[in-house]
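Report on the following structure.
The values are calculated or read from the model by the stated rules, or taken from the named source; none is laboratory data. As the structure is a computational prediction, the values presented were derived from the model and not from experiment. Because the Cβ atoms are built from the backbone with ideal geometry, glycine has one as well, and the counts that use them run over all protein chains shown.
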């Protein structure tokens, strides 16, 4: 587990996803499993859309706005419930909370150094997913995992001073969806296992921005601005690797990292079968 965590921390900090777990069915036909999970991720995203800017009292102008969201860091805590549809196919749902912190800049730097810190507190997060086993050959199991997760952290706000007489105050509300799918293999040994393979991550969401530009140095005037922007990143290929072991009371635990072209994530979980079902 230490090796997995170290590899994750030394990846570049830009793009990542939530915990995937092993690429195989793990619950059993007609059985139930609960899982407690944690993950830390970091993303670089783009936001673009229409911007409404008040240019004089009661007069609005429409323009295109493009922003860069750099190093969107999120801590995720989940509790999940999984059910075995058959020996080779599981489905699961997860509920939890996630926060978000990042730096927001215009896509084009006009020489002002304009930037805003978004510090959203913990908000609701949830997701659904499935795991399947394709085949097994001795200690090797080959399968896949796919999941869709929704994030809605709290609002954040910040101010930026263009000069002593021109200050912009902005409020940000971000929410996004992450789709992940991975195909891989699991090697089972006595009391422990290791897994991994290639994976794909896709991010899409919304960024709502409300701003007020306060100009002084003469008659004080406030100009409002607002926009709902598309928050997204193109699909990104990468790989993930993890290791797990058995615990008392038939429980298991795992730790993993995902490594993409420009980023990483680390995650861990503890799972316990429920004494219900077949």
Exercise for the section: From the list 109, 158, pick out the single residue that is at pLDDT below 90 and over 25 Å from residue 36 (Cβ atoms). Expected result: 109
Problem - Residues located in segment 111-125, provided they are exposed (fewer than 15 other Cβ atoms within 10 Å of the Cβ) and within 13 Å of the chain's Cα centre (by Cα) - result: 124
Fill in the blank from the handout: Only one of 93, 132, 82 is closer than 21 Å to residue 177 by Cβ, touching a strand residue (DSSP E or B) at 6+ places or on another chain (Cβ under 7 Å), modelled with pLDDT of 95 or more and surrounded by fewer than 22 Cβ atoms within 10 Å (Cβ to Cβ), namely 93
Fill in the blank from the handout: Of all strands (runs of 3 or more DSSP E) fully inside segment 162-278, the set with 2 or more residues that are under 22 Å from residue 52 (Cα atoms) is 166-188, 192-215, 221-246
Handout entry: Residue satisfying condition, being surrounded by fewer than 18 Cβ atoms within 10 Å (Cβ to Cβ), assigned to a loop (DSSP other than H, G, I, E, B), modelled with pLDDT under 95 and touching a strand residue (DSSP E or B) at 6+ places or on another chain (Cβ under 7 Å), within set 5, 26, 13, 55
Key = 13
Handout entry: Breaking point among (1) in a strand (DSSP E or B); (2) buried (at least 16 other Cβ atoms within 10 Å of the Cβ); (3) under 21 Å from the mean Cα position of the chain (by Cα); (4) in contact (Cβ under 8 Å) with a residue 40 or more places away in the chain, for residue 71
Key = (2)
Practice task
Mind listing just one residue for me: the one in segment 242-252 that is surrounded by fewer than 18 Cβ atoms within 10 Å (Cβ to Cβ) and touching a strand residue (DSSP E or B) at 6+ places or on another chain (Cβ under 8 Å) and, of those, farthest from residue 192 (Cα to Cα)?
Solution key: 249
